[in-house]
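Note sheet for the following structure.
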Amino acid sequence: MQVDVEGSMMGLISVPDAARQLGVSRMRIQQRIADGSLPAQRVGRQWVIDEADLRAVAHSAGPGRPLSPASAWALVAVAAGSGEGLSPSGKSRASARLGAFLEQAPQVADLDAFAARTKRLLGGRAERRLYRASPLDLPGLRDEPRLRLSGLSVPEARIAGDSVVEGYIHARDREALIRDHLLSPAKGARANVIMHVINGDGDVDHLVGSDLVVAADLAEHESPRERARAQELLADLAERHAS
């Protein structure tokens with residue numbers, strides 16, 4: 001059996017492909033093989049991994065601990081070409097994290113692994129809450145000044161989201177918004193309001209709806225369509241970041 005080092009055959013993939021799918025370095029994959037935590041076999045002069053074993057490792061690893069809210073928003077600020085208020089070291093650290101993420105994330109073939117990697121980096125930016133509103137009240141929510149639209153509710157998503165409202169709100173305004181629009185907690189497909197609750201008083205309103213935030217929002221959806229669009233946004237951002 002032959003397996004191209006840059007390709008796959010019959011469910012077996014190379015170390016470079018495994019690294020791309022998980023969004024890690026080749027060395028990390030080799031370390032996992034060496035310590036026995038990632039099953040692999042030799043074919044000729046190279047190691048190959050069964051795709052089922054790779055998926056099991058990706059899913060069991062979970063999303064990991066995300067960056068703090070301040071670190072996540074620093075990353076967003078740098079991606080948006082901003083960064084005012086960041087120290088030189090903080091800006092440099094955020095830029096390095098962003099560069100590493102944009103280099104790998106758009107290439108991760110497994111959308112579950114991609115979503116986990118994105119959440120690990122940006123999940124701390126806000127707390128995601130799901131609610132149900134009367135469909136008749138959705139237009140009013142879109143015009144609500146306390147809710148800053150993002151995710152499915154902005155044109156950059158390129159996904160029709162008329163039946164859903166998604167946006168960011170400061171924690172201090174959440175209860176009043178719930179009361180004023182008669183929202184009730186919901187799960188799964190019943191939810192038609194996705195609220196990202198910002199904790200703290202940092203000035204991040206101007207960053208809501210930026211490409212990195214929209215990509216992070218879409219990556220948190222379960223649908224492959226939203227996650228694939230998140231990767232497209234990140235690929236575009238990576239191209240601009242590299243230029």
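Out of everything in the range 187-197 that is out of contact with any helix residue (DSSP H, G or I) (no Cβ under 6 Å at 6 or more places or on another chain) and farther than 19 Å from PRO139 by Cβ, what residue ends up being most open to solvent (accessible area, probe 1.4 Å)? The qualifying residue most open to solvent (accessible area, probe 1.4 Å) is LYS187. Among the residues here, ASP201 qualifies as farther than 22 Å from HIS221 by Cβ and not in a helix (DSSP H, G or I).
For the range 133-167, taking the residues that are open to solvent by 70 Å² or more (accessible area, probe 1.4 Å) and touching a residue at least 60 places away in the same chain (Cβ under 8 Å), the one that is nearest to PRO69 (Cα to Cα) is identified as GLU156. Answer yes or no as to whether LEU177 is of a type outside the set (S, T, N, Q), part of a helix (DSSP H, G or I), at pLDDT below 95 and touching a Lys or Arg at 6+ places or on another chain (Cβ under 8 Å). Taking the combined requirement at face value, the residue does not satisfy it. Reported count of residues in the range 117-148, each being within 20 Å of SER223 (Cα to Cα) and in contact with a Gly (Cβ under 7 Å, 6 or more places away or on another chain), is 2. Do you know which residues across the range 1-16 are in contact with a Leu (Cβ under 9 Å, 6 or more places away or on another chain) and at pLDDT 75 or above? The one that is in contact with a Leu (Cβ under 9 Å, 6 or more places away or on another chain) and at pLDDT 75 or above: ILE13. Of the helices (runs of 4 or more DSSP H) contained entirely in the range 17-136, those carrying at least 1 residues that are over 29 Å from LEU152 (Cα atoms) fall at 26-35, 51-61, 88-104.
State whether one or more residues within the range 53-73 are among the charged types (D, E, K, R), under 27 Å from the mean Cα position of the chain (by Cα) and either closer than 30 Å to VAL214 by Cβ or at pLDDT 85 or above (or both). Checking the range 53-73: at least one residue is among the charged types (D, E, K, R), under 27 Å from the mean Cα position of the chain (by Cα) and either closer than 30 Å to VAL214 by Cβ or at pLDDT 85 or above (or both).
The values are calculated or read from the model by the stated rules, or taken from the named source; none is laboratory data. Bear in mind the structure is a predicted one, so any value in this text is a computation, not a measurement. Glycine gets a Cβ as well: all are built from the backbone with ideal geometry, and neighbour counts include every protein chain shown. All accessible areas refer to the heavy atoms of the entire protein, side chains included, with ligands and DNA or RNA removed. Shrake-Rupley method; radii C 1.70, N 1.55, O 1.52, S 1.80 Å.
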